[in-house]
Amino acid sequence: MSLDGKRKAILRIQSALLYKIREFFYSRKFYELMPVLLSKCTDPLMPDSNGSIVKVGEIEYLGERYKLTQSMILHKQFAVSNGLDKVVVFSPNIRLERPERSSTGRHLFEFTQVDFEVAHARKEDIFRLVEDLIKEVWGWISRVCRDEFGLLNRRIRIPTSPLKVYTSHDLMERYGKDWEIKASLAEKHPFWVLCFRREFYDREDPARPGHFLNYDLIYPEGYGEALSGGERETDIDKIRKRLKEIGKEKEYQEYLDLMEGKLIPSAGGGFGVERMLRYLVGAKHIREVRLFPRVPGERIIL
Ligand code: ASN
């Protein structure tokens, strides 16, 4: 079996995409960290995790149990709190999604996230950074990969900045609980969505308790979520309280001890490489953009 022209064109675009994203962060003086796959604790992905994943992956090694990385948020916060003002990592994530997730066309149980964090940044700083990345990287790719996009019959639309901003409450009111794809279908360019009750590390708006200074970026045309991120909570008592609420205080005890009194304000986010590629090439299912796809529910050999 050899790969057809379309598969090769997609891999060519992927190569250009990875190259240019890395250059983008390098030129803005980010420190690139090496990915980490095993830690004592990882992003719990709450409140989503119980709903969407079968379990958190674990291995046993020399009498210790280690979690497989679901995201490197805890490492990013450690890094910025220890003097690395801007960090980025091309981070493989293992999220053992339920088999039903294969039908979304955008879930893999192993994928790569470009995960970045900026010390003392606010959400608006991150919006401008990501919008610059989109304009620069997509603009460049559409030029250097003109032939490949021609073969795939796809033209990338380069948005202008600032992108539209909604709140999750607006969208829920307009489209109901399953707003993500409906809102995505209604837009021509990526857009921001603010305020989710989500991870323990997201910062609550001090002016509006119960509201959160976090965000998602959503692709248009029904492609759905591109990125999630937020400003970070630095109040360790609030973090403890939230972990207690989800019954996980004990699991994160060593992490909390390590970070006690050290957390500094920061903001960041992470976007999946495969999802960006899927949107850029216009693939129906994310499996089409990986040579070794990990589709929920499917057995793998290689
Ligand atoms: N990378 C995301 C963030 O920075 C976290 C995630 O992937 N769940 O907030």
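The values are calculated or read from the model by the stated rules, or taken from the named source; none is laboratory data. If you're wondering where the values come from, they're calculated on a predicted model, not measured in any experiment. Virtual Cβ from ideal backbone geometry, glycine too; neighbours counted across all protein chains shown. SASA here: full protein model, heavy atoms, side chains in, ligands and nucleic acids out. Shrake-Rupley method; radii C 1.70, N 1.55, O 1.52, S 1.80 Å.
I'm trying to understand the selection: among the residues of the range 53-85, which are under 27 Å from GLU100 (Cβ atoms) and buried (at least 17 other Cβ atoms within 10 Å of the Cβ)? Lay out the reasoning, then the answer.
In the first step, residues of the range 53-85 are kept if they are under 27 Å from GLU100 (Cβ atoms); the result is 53-59, 67-73.
Across the range 53-85, the qualifying residues are ILE53, VAL56, GLY57, LYS67, LEU68, THR69, GLN70, SER71, MET72, ILE73.
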Output the residues belonging to the range 224-235 that are farther than 15 Å from THR167 by Cβ, touching a residue at least 40 places away in the same chain (Cβ under 8 Å) and open to solvent by 30 Å² or more (accessible area, probe 1.4 Å). GLU225
Residues that are under 20 Å from LEU256 (Cα atoms) and of a type in the set (Ser, Thr, Tyr): list the helices (runs of 4 or more DSSP H) wholly contained in the range 1-106 that include at least 1 such residues. 73-81
Residue pairs within 7 Å by beta carbon, gap of at least six or interchain, first lying in the range 158-187 and assigned to a helix (DSSP H, G or I), second open to solvent by 80 Å² or more (accessible area, probe 1.4 Å), listed first then second, are TYR175/LYS182; TRP179/MET172
Taking GLN113 as the residue in question, decide whether it is within 16 Å of the ligand (Cβ to nearest atom), under 29 Å from PHE292 (Cα atoms) and open to solvent by less than 50 Å² (accessible area, probe 1.4 Å). yes
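Can you tell me how many residues within the range 61-82 are away from the ligand (no atom under 15 Å from the Cβ) and hydroxyl-bearing (Ser, Thr, Tyr)? Before you say what the answer is, go through the steps one by one.
Filtering the range 61-82 down to residues away from the ligand (no atom under 15 Å from the Cβ) leaves 61-66, 82.
Cutting the leftovers down to hydroxyl-bearing (Ser, Thr, Tyr) gives us 61, 66.
Within the range 61-82, residues that are away from the ligand (no atom under 15 Å from the Cβ) and hydroxyl-bearing (Ser, Thr, Tyr) number 2.
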Given the criteria within 16 Å of the ligand (Cβ to nearest atom), open to solvent by 80 Å² or more (accessible area, probe 1.4 Å) and within 19 Å of the chain's Cα centre (by Cα), does ARG203 qualify? no
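GLU124 - would you say it is in a helix (DSSP H, G or I) and open to solvent by 40 Å² or more (accessible area, probe 1.4 Å)? Can you show your working first?
On the way: in a helix (DSSP H, G or I): yes; open to solvent by 40 Å² or more (accessible area, probe 1.4 Å): yes.
For GLU124, the condition - in a helix (DSSP H, G or I) and open to solvent by 40 Å² or more (accessible area, probe 1.4 Å) - is met.
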In the range 236-279, residues that are open to solvent by less than 70 Å² (accessible area, probe 1.4 Å) and in contact (Cβ under 8 Å) with a residue 12 or more places away in the chain total 28
Which one of these does GLU97 not meet: (1) open to solvent by 10 Å² or more (accessible area, probe 1.4 Å); (2) within 14 Å of the ligand (Cβ to nearest atom); (3) touching an Asp or Glu at 6+ places or on another chain (Cβ under 8 Å)? (3)
The range 16-47: number of residues that are among the small types (Gly, Ala, Ser) and in contact (Cβ under 8 Å) with a residue 12 or more places away in the chain: 2
Working only within the range 131-157, note down all residues that are hydrophobic (A, V, I, L, M, F, W, C) and part of a helix (DSSP H, G or I). LEU133, ILE134, VAL137, TRP138, TRP140, ILE141, VAL144, PHE149, LEU151, LEU152
Can you name every residue in the range 193-238 that is within 30 Å of VAL289 (Cα to Cα), charged (D, E, K, R) and at pLDDT 95 or above? ASP216, GLU221, GLU225
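In the set TYR166, TYR215, TYR223, TYR175, which member is of a type in the set (Phe, Trp, Tyr), more than 16 Å from the ligand (Cβ to nearest atom) and under 17 Å from the mean Cα position of the chain (by Cα)? Full working, then the answer.
Working: TYR166 fails: under 17 Å from the mean Cα position of the chain (by Cα); TYR215 fails: more than 16 Å from the ligand (Cβ to nearest atom); TYR175 fails: under 17 Å from the mean Cα position of the chain (by Cα).
Exactly one residue qualifies, and that residue is TYR223.
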